[in-house]
Amino acid sequence: MGIAVATPAVIAPAVAAGVSHAIALKSDGTVLAWGSGGSGQLGRDALSSGLPVPVVSEGALGWLGGIAAVAAGANHCIALGSDGTVWAWGSGRNGTLGNHRTSDSAQPVHVVGPDGSGVLSGVTAISAGGDFSLALRRDGSVWAWGYAGNGRLGNNNQASSSVPVQVVGVGGQGWLADVAAISAGPDHALALRRDGTVIAWGLGTSGELGNRAVSDSASPVLVTGPAGQGSMSGVIAVAAGGGYSLALRSDGTVWAWGVGGNGQLGNKGTTSAPAPVPVIGPAGTAPLGGIRAIAASPKHALALGRDGTVWAWGYGKNGELGNAGTLDSAIPVAVVGPGSAGSLGDIIGVAAGAGFSLALRSDSTVWAWGYGSHGQLGNHGTASRSAPSQVLDESGESWLYLKPVSRPASSSSAPVASMKFRRHQKLAAPK
C-alpha cells in the first residue's frame, strides 16, 4: 500500500506494492504491473503474471501513458496523470475506482469529479488504501472515495462513495486544509500538514490514530506528541500500515504508534501504543536515525537510510524483512544484499506489500523479497525469498530497468533460469 507524489518536470521511476501485486512507473510515463490480477489490478485481462506487463490504456488501444505517480491498494491501483487527473483500475467494490460505479475494471478509468461529473483535477499526490483511495489537490484539500467503514473517508459519516468526497477538518469542523502529504492504510488514513503536524482518521481500535484513544473516528484527529503530550511535530513523511502508523521527522528519526503484536512499532516490544514511540536502532538502545523514507505494510515496515541501505521490522515469517530469515523482529534489521551477502545498498525508494517488499535502486533496477506465491516478486517464479532478488522484464530474459540504460553485452549477474509461472494456477494466500 502506499503514497505517491507527482514530479512536475521529470518523471521519476517508482514502485508500489499492494496485497499480492506490484506496480512500477517507468521514466517514460508508462506503468508495469505483476503478481495477482484476479480483480483487474494488473491493468489487463489476466489472472496473474510472474513477470511485469504493461498496463493498457482506457479502451485497451495501447499502453497507459503520461503518468507521473502510482499507488497500489489492496486489490486496486491508482495513477496520477501529469495533467493532474487520476486513473484507477482493479477492484471497484464499494466505489474504490471513483468512477461512479462499483464494478471491477481491468482497464484504467478516470476518477470523476466530486459531483460525479467531469474528472477529478488539480491533484498533486495520491495514495491507495485497502478499499479506498485518497487524493491531495493543489489547494491543500484532501479527497477520498471507496469504502467508508470505520470512517476511513474522513467525511464524518460511514457511507461508502463511488465519487470523491472532501475530508473534513479536525473535529468535523470545516475542511481539512494545508496538507502536504497523505497516506492510506488498510483501514485508516494519515495526512501531514505543512506545519509538520499529523492528522489521522478511520479505524482506531489499536491506537493507530495516535490520539491516545482506541476508538474509530470518521473525522480527522490530531496525532499527539511522544508520551501523549502536545502534538507530533517536525514530521516530513507519514505511512499508514495495518493497525499502526509511522512518521519520519526532519532529524531522521522514525516514530510509530498503534498495534505492536508482531514488533511493527520497532521499539523492542510487542505492546500496542496509542501515542508515538521512537523506533529503536539495530543495537536496541538509541533511536533509529539517518532515515530519509519510510513504508508501512499490513504487518511490517521499511525504512530507507540516507546512505542507501534498507531497514525492516515487524512480521517476518514470509521473508519480508529481507534479512535471510523468517522470524519477526521488534527492532530494525538490515536487508541483506543479493545472495544474502552484505547489505542491500544504493537504494532510492522502497515499498511494502502484504508479506513482500520492493526496493528501487539508483540504476533503476527493482528488487523484491518475501512472499512470492502470486508472482509478486517478479522473477518468473512463485517461491518466497528471504533475501532480495532482481525483478525481470516482460521477456523474462533480462533485468527490468525503469529508465533507459546502456546494458552491457554480458554480465556475471545475468538472469538465471527459474520456475515457469503458471498464469492461471490457484494461488495460496500469504501467511
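Could you tell me which residue of region 180-211 is farthest from R249 (Cα to Cα), considering only residues that are touching a residue at least 40 places away in the same chain (Cβ under 8 Å) and among the polar types (S, T, N, Q)? Applying the filter and picking the extreme gives S206.
Of all residues in region 152-163, at least one satisfies being basic (K, R) and buried (at least 21 other Cβ atoms within 10 Å of the Cβ). Applying a threshold of 6 Å to beta carbon distances and a minimum spacing of six or more residues, or different chains, the list of pairs starting in region 38-65 at a residue that is closer than 17 Å to L97 by Cα and ending at one that is of a type in the set (K, R) and in a loop (DSSP other than H, G, I, E, B) reads V56/R44.
Candidates in region 270-290 are the residues that are part of a strand (DSSP E or B) and of a type outside the set (V, I, T); of these, the one that is surrounded by the most Cβ atoms within 10 Å (Cβ to Cβ) is P276.
Taken over region 160-191, residues that are under 14 Å from G202 (Cα atoms), of a type outside the set (S, T, N, Q) and at pLDDT 95 or above amount to 14.
Consider A24 carefully, then state whether it is part of a strand (DSSP E or B) and more than 21 Å from H188 (Cβ to Cβ). Answer is yes for this residue. Listed by first and then second residue, the pairs linking a residue in region 304-320 that is within 10 Å of G263 (Cα to Cα) to a residue that is buried (at least 23 other Cβ atoms within 10 Å of the Cβ) and of a type in the set (G, A, S), with Cβ atoms under 6 Å apart and 6 or more places separating them unless they lie on different chains, are W313/G263; W313/G266; W313/A301; G314/G263; G314/A301.
Mind listing whichever residues of region 351-374 are aromatic (F, W, Y) and touching a Lys or Arg at 6+ places or on another chain (Cβ under 8 Å)? Those that are aromatic (F, W, Y) and touching a Lys or Arg at 6+ places or on another chain (Cβ under 8 Å): W367, W369, Y371. Name the residue that is farthest from S103 (Cα to Cα), counting only residues in region 134-169 that are hydrophobic (A, V, I, L, M, F, W, C) and part of a loop (DSSP other than H, G, I, E, B). Out of the qualifying residues, it is V167.
So which pairs qualify, if the first residue must be in region 110-131 and farther than 20 Å from R152 by Cα and surrounded by fewer than 24 Cβ atoms within 10 Å (Cβ to Cβ), the second must be among the aromatic types (F, W, Y) and modelled with pLDDT of 95 or more, the Cβ gap must be under 8 Å, and the two must be at least 6 apart or on different chains? Once the first residue is farther than 20 Å from R152 by Cα and surrounded by fewer than 24 Cβ atoms within 10 Å (Cβ to Cβ) and sits in region 110-131, its partners that are among the aromatic types (F, W, Y) and modelled with pLDDT of 95 or more give H110/W87. On the basis of being at pLDDT below 95, touching a strand residue (DSSP E or B) at 6+ places or on another chain (Cβ under 9 Å), farther than 25 Å from A296 by Cα and among the hydroxyl-bearing types (S, T, Y), does S410 make the cut? In short, no.
Identify the single condition in (1) within 19 Å of the chain's Cα centre (by Cα); (2) surrounded by fewer than 19 Cβ atoms within 10 Å (Cβ to Cβ) that G185 does not satisfy, given that it satisfies every other one. So the condition that G185 fails would be (2). With respect to the conditions (1) closer than 23 Å to A227 by Cα; (2) without any contact (Cβ under 8 Å) to a residue 40 or more places away in the chain; (3) not hydroxyl-bearing (S, T, Y), D346 lacks only one, and its number is (1). Within region 45-61, the only residue that satisfies the criterion of being at pLDDT below 95, part of a loop (DSSP other than H, G, I, E, B) and of a type outside the set (A, V, I, L, M, F, W, C) is D45.
The values are calculated or read from the model by the stated rules, or taken from the named source; none is laboratory data. What you see is a predicted model, and the numbers here were worked out from it, not measured in a lab. Reconstructed Cβ throughout: ideal geometry from the backbone, glycine too, with neighbour counts over all protein chains shown.
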